[in-house]
Structures are given as structure tokens and as C-alpha cells.
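Student: Got a structure for you, questions after.
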Amino acid sequence: MVLQALGPAAHDGQAHAAWATRVHALCAALHWPAPEPVVQAHAQGATLAFAAPEDALLTATEINEWAWERSSPADGSWVPLQPANDDLQALTAQFSRRAADELSRPVQQLRAAARGRGLPVFEDDDSLSIGAGSGSRTWPRAALPLPMDVPWAALHDVPTVLISGSNGKTTCTRLLAAMAQAAGRQAGYSSTEGVWVGGLQASAGDYAGPAGARAVLRHAGVDFAVLETARGGILRRGLAVVRADVAVVTNISADHLGEYGIDNVQDIAAAKLALAHPVGTRGTLVLNGADAVLMQGAARVGAVKALFAAEHDHPALAAHRAHGGTTCGVANGQLLLHAGGTANDLGAVAGMPLTLGGAAAFNIDNIAACVLAGHATGLPLNAMRSMLQRFGSTALDNPGRLERWPWRGATVLLDYAHNPDGLAQLLSVARALKPQRLGLLLGQAGNRDDAAIAELARVAAGFQPERVVVKELPGMLRGRAVGELPALIESTLLAAGLSAHQVQHHADELEAAQALLAWAEAGDVLVLPIHTAAVRTALAQVLSRG
């Protein structure tokens, strides 16, 4: 049970200690297991967490509030939500009643029966499911069956892969699902782009959190699940699953700092590596062996690991193979999966459309990660090899991620590229195409701090674009004033050496992109990082008409 403490008291060590003492005392009085309270101090305040019975999480939330309210000095900045007393006997009686009201005997019975059979259980406010995908059944919480009435013989689990990282999540999710389809599996996946089953969209929107995972794992048409698992969902709502066969962490970069107690890249790595918990020691944790921050964080994780990197001979991969580990990387232009002491050739990376002839180095990493995940879930090498030869050849394979369009003699790269690392990778691809001139669309959502926004602009300026069109994102201000972010971006671009005539500003994302298209000439390369799906769809219609 987690509470985010803000304000002056959030940095008070005495208040933290008093909170932990109260949590211990009340949990003991309620005969709950040891709560093991934890305080994580960070720049914005502190995260206060303790373990609680899964049938009493709402009650535990109120206990957490009470313990903090009684432990932190009142400063007039908040209104108490819980009883303003420390009478342990009265509090025990009160919270015992609340826990009893929250407790559901039918849910308890079904959980126990399912777990005794090794079956997963998925719950939300309205329904409960047992089994996964094609082996699942879902009931309304108001009409749950007795264990004896559950069709146990029809229920089973399905292979499940979790994918996280700062960049590349959606591409990996789509590619791995396509590999599974090529192997004859009915793949379902959830991502920031929606929920898809068997190549058809079931729901549109951002489903890279627990709701998306449950939607896939409850779908009767799914027998292979790939779940994009974003940082925000992990920190706000946790994971939807307690078991997974494989977890992939693509990379770590300095993005979303200052949110939910995340102060640095080490914190980001720790959040992403939460995916190791459902994998445990029976599954496989696929990691970027070339990412030093990620590898340092993963050193404390006991899961079986498989490592990828652009280079087959990267020291981390070589050391891992020396100890019998599985790796994937490139040697002499060929993608090699090294497993069980054997090197398997997956083909020339330059011939894989997703790499744009080898120019998109970051997609080589994404491909290698998917090969390791596919291998760990038993997908045949031939199916993976075949899909790598065609995935990415059309924009429909990976919409919004390194889409390449011709435009009146110019080349347009349409992507998401939402942080400095992602933008640097995208602009490196653009420069590798040897443009006559480089044009860039630039903007950002308002939930990054000024330093992150300025860094995005400095990265852009470092690639010396001849034209930058700065866009406003009115639907993503997230507490910022209109015009605030474009002004910061423009001032940083000018300070980094761009001239005023090289920088334009438009208050609408689609208008900004169209202004860049109007500027383009034959031989130019335009880089369009697009944030909103509606704008991407509109641009695709424009670009398809040439």
C-alpha cells in the first residue's frame, strides 16, 4: 500500500519514523502479517509503503492515511481524512469493521481454488477472471460462481511477455506479436496504441497499463500475450499479472524525472525492473547488455537473464555466454542468436526492413530483444527469421514508429521520439540518409521539467537542422501555460546556435507538420515526431497522396 507524502513534513525523518511505528502497531492489532513499512525519500517528498492483505487494500489505504496524518505536523495545507486520535483499541475496532465489509468470501474461495490449480486470477472493480486468453472465463463480481461450478477443465494459462523500457516498447510489442502470428499463434497485445488481437484492433487508446493487460488476458481469441508495460502504469497502478514467462527491458534514459518519486536514471531502472517479479526464477528477463545503468540495477535481480546488444562481441554478452547464458547481437552484419552453445544466424540486418538498411541502429536492438523473447517462449527460429525479413516494409506494420514516406522527392520519417535519447536516435537515422537539408518538427508534453525540455531542444540543435518548426500541444499542457513550452524550446534552439529564420512556431501540431511539408524540396529529409494519433492519421492521408 503506497502513499505519496508531499509538503515540508514529507522530508521529516521523525515523521517517517512515527508513521512506521503507527503502521506496525495497528497492523499487529488487526492480526495482519508484518507490514514491513518502507520510506523512499525523493526530491518531491517521500513514498510511504507497507505490505497489506490483498483482501483489505482499501482499508490499508485508510490506515496509511491515518498513520501519516497523525505523524506529520499539521501545516494547514491539507484536511485530515482519517480519525484524529491515537486510541489503538477504538481504531482497531473501526478498521476491523472496514476490513470485514471489504472482505469477499466468494472472491477468497475462487482465488484459493484457482491458485491451487496454478491458474492466474485477474480482478478489477467490476469483474473477476480465472485463466488467461483462450483459457479464461470472466464473471461479474456481483454474480460469482461457487468453486464447484467453475469449468476448471476448460481453463489454462497462455505464454505472457511483458515489455518495458524508455524507448522501443511499442515496436518490440508489435514485432513480437507478429513473430507469434507467423508461428501460428493467435497473438494479442496491448500498448500505447490500443489492444490488438490476431492483427485486428479491439480497442483504441493508451492501453500500456493494467487495464490493457487485463483486456488481452481476458480475450478468448488470445493464446499468446504481449503486454507493453509503461512506467506510469507501474508506478500508479502496479502490474496486472503475478506471473509472466518473459520480461523485456529495452533501455533506460533520463525521461519523466520528477514524477512519482523518480529523481534519476537509477530510479527509472528500478521501476522498469519491477517486471522481474512476475518472471521470478522460472522465466527469462531479457535485458540490454550495453545499457550500464540497466545492468547495474539488474545485478540485484535473481531471474534467469538473456542479453542483447548491437554487437555480438560486446563484453557483457561475451561474459554472459562464457557462463552459459543466451545472447543476441550482430557479427559481420548478421544477427546471431547464441543459445545452448550454438550460434543461430537470423539473417543480415541490412535486409530487415525495420532497420532501414542498417541505418536504424536502435531497431537492431529492438529486433534482438524480440528474438530473445521469442526464443524464450518457444517460437520457432524459422518463423522469427521469416517475419524479420518483412516486418516494417509497410507503414501498417508499425504505425507511428519510424514510418518512411516519400514526399515530392523528399523523405519523411514519422515517429514518436518523445525524449532526448529517442530524438537523437531518430535524427541519426535522418542524417544517415544524407539529406540536402534536414527539417524537424519539435514539441513536448508539459509533464517534463524545464531541464528535460531544454535538453530535447539542445539535442535537436546538435544535428544542425536547416529548419525547425516548433509545435504547441494544447491537449498535453499538463499544468503548463499556453505558449510556455514553445518559448522554452525556441530560446534554447537560438542559444544553441540556430538563427531566428531557421525556427518557426505553430500553435497546432497538424499545422506545424504541414508547414514543414510545404517547406520541403527534393532531396530533403523531414523528421516528424508526432504525439497524437489523430494528427498521425491525418498526416498519413496527406503523405499517401504524395
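Student: List the number of the failed condition for G165; all other conditions in (1) surrounded by fewer than 23 Cβ atoms within 10 Å (Cβ to Cβ); (2) touching a residue at least 12 places away in the same chain (Cβ under 8 Å) hold.
Tutor: The number of the failed condition is (1).
Student: Let me ask something else. Please go through the range 442-455 and pick out each residue that is within 15 Å of T492 (Cα to Cα) and out of contact with any His (no Cβ under 9 Å at 6 or more places or on another chain).
Tutor: Within the range 442-455, L442, D449, D450, A451, I453, A454, E455 meet the criteria.
Student: A further question follows. Give the residues of the range 107-129 that are under 12 Å from P145 (Cβ atoms) and not polar (S, T, N, Q), sorted by residue number.
Tutor: V107, L110, A113, A114, L128
Student: Please go through the range 470-501 and give me each residue that is among the charged types (D, E, K, R) and within 29 Å of the chain's Cα centre (by Cα), ordered by number.
Tutor: Of all residues in the range 470-501, those among the charged types (D, E, K, R) come to 471-472, 478, 480, 484, 490.
K471, E472, R478, R480, E484 - these are the residues of the range 470-501 that are among the charged types (D, E, K, R) and within 29 Å of the chain's Cα centre (by Cα).
Yes or no, residue by residue, for (1) at negative phi; (2) open to solvent by 40 Å² or more (accessible area, probe 1.4 Å); (3) in a helix (DSSP H, G or I):
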position: A208; (1), (2), (3): yes, no, no
position: V216; (1), (2), (3): yes, no, yes
position: G221; (1), (2), (3): yes, no, no
position: V226; (1), (2), (3): yes, no, no
position: L235; (1), (2), (3): yes, yes, yes
position: A244; (1), (2), (3): yes, no, no
position: A247; (1), (2), (3): yes, no, no
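Student: Now for a separate question. Can you pull out the helices (runs of 4 or more DSSP H) entirely within the range 298-390 that have at least 1 residues that are surrounded by fewer than 22 Cβ atoms within 10 Å (Cβ to Cβ), of a type outside the set (G, A, S) and without any contact (Cβ under 8 Å) to a residue 12 or more places away in the chain? Full working, then the answer.
Tutor: Values: elements: 315-322, 361-376, 381-388.
Passing ranges, in order: 315-322, 381-388.
Student: Just give me the residues in the range 114-136 being hydrophobic (A, V, I, L, M, F, W, C) and in a helix (DSSP H, G or I), in sequence order. Break it down into steps so the answer makes sense when it comes.
Tutor: Here is the first cut: in the range 114-136, the ones hydrophobic (A, V, I, L, M, F, W, C) are 114, 119, 121-122, 128, 130, 132.
Scanning the range 114-136 gives a single hit, A114.
Student: Could you identify the single residue in V23, V2 that is of a type in the set (A, V, I, L, M) and either within 19 Å of R237 (Cβ to Cβ) or in contact with an Asp or Glu (Cβ under 6 Å, 6 or more places away or on another chain) (or both)?
Tutor: Details: V23 fails: either within 19 Å of R237 (Cβ to Cβ) or in contact with an Asp or Glu (Cβ under 6 Å, 6 or more places away or on another chain) (or both).
Every option except V2 fails the conditions.
Matching residues to (1) modelled with pLDDT of 95 or more; (2) buried (at least 20 other Cβ atoms within 10 Å of the Cβ); (3) under 19 Å from D263 (Cβ atoms); (4) out of contact with any His (no Cβ under 7 Å at 6 or more places or on another chain):
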{"position": "P8", "(1), (2), (3), (4)": "no, no, yes, yes"}
{"position": "D12", "(1), (2), (3), (4)": "no, no, yes, yes"}
{"position": "H24", "(1), (2), (3), (4)": "yes, no, no, yes"}
{"position": "A43", "(1), (2), (3), (4)": "no, no, yes, yes"}
{"position": "A49", "(1), (2), (3), (4)": "no, no, yes, yes"}
{"position": "E54", "(1), (2), (3), (4)": "no, no, no, yes"}
{"position": "S71", "(1), (2), (3), (4)": "no, yes, no, yes"}
{"position": "A84", "(1), (2), (3), (4)": "no, no, no, yes"}
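Student: Just checking: which of the strands (runs of 3 or more DSSP E) contained wholly in the range 392-497 hold 2 or more residues that are open to solvent by 30 Å² or more (accessible area, probe 1.4 Å)? Explain how you work it out, then say what you get.
Tutor: Numbers: elements: 403-407, 410-415, 438-442, 467-471.
In the range 392-497, 403-407 are the strands (runs of 3 or more DSSP E) which contain 2 or more residues that are open to solvent by 30 Å² or more (accessible area, probe 1.4 Å).
Student: If I go through the range 87-110 residue by residue, how many of them are without any contact (Cβ under 8 Å) to a residue 40 or more places away in the chain and open to solvent by less than 60 Å² (accessible area, probe 1.4 Å)?
Tutor: Selection size over the range 87-110: 3.
Student: Test L372 against the criterion of being within 22 Å of the chain's Cα centre (by Cα), among the hydrophobic types (A, V, I, L, M, F, W, C) and at pLDDT 95 or above, and give yes or no. Break it down stepwise before answering.
Tutor: Details: within 22 Å of the chain's Cα centre (by Cα): yes; among the hydrophobic types (A, V, I, L, M, F, W, C): yes; at pLDDT 95 or above: yes.
Answer is yes for this residue.
Student: Here's another thing I want to ask about it. Which residue pairs have Cβ atoms under 6 Å apart, sit 6 or more places apart or on different chains, and have a first residue in the range 403-424 that is on the phi < 0 side of the Ramachandran plot and a second that is among the hydroxyl-bearing types (S, T, Y) and assigned to a loop (DSSP other than H, G, I, E, B)?
Tutor: Within 6 Å, the pairs are N419/S253; D421/S253.
Student: Sticking with this one: Just the residues that are of a type outside the set (A, V, I, L, M) and either in contact with a Leu (Cβ under 8 Å, 6 or more places away or on another chain) or closer than 17 Å to V248 by Cα (or both), please, taken from the range 186-228. Steps first, answer last, please.
Tutor: In the first step, residues of the range 186-228 are kept if they are of a type outside the set (A, V, I, L, M); the result is 186, 188-194, 196, 198-199, 201, 203, 205-207, 209-210, 212, 214, 218-219, 221, 223-224, 228.
Listed by number, the residues that qualify are G188, Y189, S190, S191, T192, G209, P210, G212, F224, E228.
Student: Next question. Residues being within 28 Å of F122 (Cβ to Cβ) and small (G, A, S): count how many of those fall in the range 77-107.
Tutor: Counting residues in the range 77-107 that are within 28 Å of F122 (Cβ to Cβ) and small (G, A, S) gives 3.
Student: I'm checking my understanding of the structure. Among residues of the range 284-297 that are small (G, A, S) and buried (at least 22 other Cβ atoms within 10 Å of the Cβ), which one is farthest from the chain's Cα centre (by Cα)?
Tutor: Step one: list which residues in the range 284-297 are small (G, A, S), which gives 289-290, 292, 297.
Adding the requirement that they be buried (at least 22 other Cβ atoms within 10 Å of the Cβ) leaves 289, 297.
Values: G289: 19, G297: 17 Å.
Checked the range 284-297; the qualifying residue farthest from the chain's Cα centre (by Cα) is G289.
Student: Quick check on my filter: what residues within the range 512-533 are open to solvent by 20 Å² or more (accessible area, probe 1.4 Å) and touching a residue at least 24 places away in the same chain (Cβ under 8 Å)? I'd like the intermediate steps shown before the answer.
Tutor: First pass over the range 512-533, keeping only residues open to solvent by 20 Å² or more (accessible area, probe 1.4 Å): 514-515, 518-523, 531-533.
Correct list: Q514, A515, W519, A520, E521, A522, G523, H531, T532, A533.
So that you can scan it fast, the table gives a plain yes or no per residue for (1) out of contact with any Gly (no Cβ under 7 Å at 6 or more places or on another chain); (2) not in a helix (DSSP H, G or I):
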position	(1), (2)
A112	yes, no
T138	yes, yes
V158	no, yes
T170	yes, no
G184	yes, yes
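Student: Condition first: of a type in the set (D, E, K, R) and open to solvent by 40 Å² or more (accessible area, probe 1.4 Å). Now tell me which residues in the range 111-152 satisfy that. Quick ask: steps written out before the conclusion?
Tutor: Here is the first cut: in the range 111-152, the ones of a type in the set (D, E, K, R) are 111, 115, 117, 123-126, 137, 141, 149.
Within the range 111-152, R115, R117, E123, D124, D125, D126, R137, R141, D149 qualify.
The values are calculated or read from the model by the stated rules, or taken from the named source; none is laboratory data. For clarity, every value in this text was computed on a predicted model and none was experimentally measured. Backbone-built Cβ (ideal geometry, glycine too); neighbour counts: all protein chains shown. Accessible surface is based on the protein model in full, side chains and every heavy atom, while ligands, DNA and RNA are left aside. Shrake-Rupley method; radii C 1.70, N 1.55, O 1.52, S 1.80 Å.
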